[in-house]
Amino acid sequence: MIDVRPSQQMRDLGVVQHGAGILAEAARAFTLPDERDEAERITDELFAAMERIGQVHPFAKGMGIAAPQIGIGRSAAVVQPPGDAPAIILLNPQITDRSDELDEQYEGCLSFFDVRGLVPRPLKITVETTTLTGETVTTVYERGLARLIHHEIDHLDGLLYTARMRTGVKPIPVEEYRQTGRAWAYEQ
């Protein structure tokens, strides 16, 4: 049997990989409710991608995927919290407030799944999203869920988690990460 690298496995599942231009571009916002059908179609594609990925890789601490990661430059992402919590759909999300208190944890990314990196993030964020009917909703997320949501919003802003890492800190190979004893990270 041939050993397939995690990033190759993600590529085979339709996830755009590091180096693709779309991952470095800000996603285009939806005009809602006018583009409701388009937003629903893209959200369905995100759920289908999560289903494919979830069949080959377990995500005990939750996962997320943003539209640019499946080759669509629109401002949509889906986050599946850990456990039985319902998925969170993010359309045109914007972080409007963040706590000063930070937490530094390992993160992974479906777009370069061979490594993990220590990323400082706020313990609490306030996020505005747009509903399919065009209304604005504000939600506060804390701790692990704040990390997941922030990671996906970064994708929609054209940022990878490596842009948030402290100066001089580099991602480590997934094999080395598994030996750190900190393997609770969010691998979205």
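Quick check for you: with a 1.4 Å probe and neighbouring chains kept, what is the accessible area per residue of the range 89-165, in Å²?
On a per-residue basis, 39 Å².
Divide by every residue of the chain the summed helix terms, -39500 (n - 2.57) for each DSSP H run of at least 4, and state the resulting mean residue ellipticity at 222 nm, rounded to the nearest 500 deg cm²/dmol.
-7500 deg cm²/dmol
7 Å from Cα along Cα→Cβ at both ILE172 and ALA87: what's the point-to-point distance in nm?
About 3.2 nm, to one decimal.
Sort the range 97-156 into rounded, prolate or oblate with this rule: let a ≥ b ≥ c be the square roots of the eigenvalues of the Cα gyration tensor; rounded if a/c is under 1.5, and if a/c is not under 1.5, prolate when a/b is larger than b/c, oblate otherwise.
On the way: a/c = 3.48, a/b = 1.46, b/c = 2.38.
It is oblate, given that a/c is not under 1.5 and a/b is not larger than b/c.
Would you please calculate the Kirkwood hydrodynamic radius of the range 88-188 over all C-alpha pairs and express it in Å, rounded to one decimal?
Kirkwood hydrodynamic radius for the range 88-188: 14.2 Å.
Output ³J(HN,Hα) for the range 37-49: one whole-Hz value per residue in order, computed from phi by the Karplus curve 6.51 cos²θ - 1.76 cosθ + 1.60 with θ = phi - 60°, and x for Gly and Pro.
Listing the rounded values in order: 4, 5, 4, 5, 4, 5, 4, 4, 5, 5, 5, 5, 5 Hz.
When the C-alpha atoms of the chain are aligned to their principal axes, what extent does each axis show, in angstrom, from largest down?
Sorted from largest, the Cα extents of the chain read 47, 42, 34 Å.
Please state the equivalent ellipsoid semi-axes for the range 40-114: what are the square roots of 5 times the Cα gyration tensor eigenvalues, largest first, in whole Å?
Working: eigenvalues 82, 61, 34 Å².
Sorted largest first and rounded, they come to 20, 17, 13 Å.
Between GLU142 and THR126, what length comes free when the chain is fully extended (0.36 nm per residue of separation minus the Cα-Cα distance, one decimal in nm)?
Working: separation 16, 0.36 × 16 = 5.76 nm, distance 0.89 nm.
Result: 4.9 nm gained on full extension.
The values are calculated or read from the model by the stated rules, or taken from the named source; none is laboratory data. Owing to the predicted nature of the structure, the values given are computational and were not obtained by experimental measurement. When we count neighbours, we look across all protein chains shown, and the Cβ atoms used for this are built from the backbone with ideal geometry, even at glycine. For the accessible areas, the whole protein counts, side chains as well, though only heavy atoms, and no ligand, DNA or RNA atoms are used. Shrake-Rupley method; radii C 1.70, N 1.55, O 1.52, S 1.80 Å.
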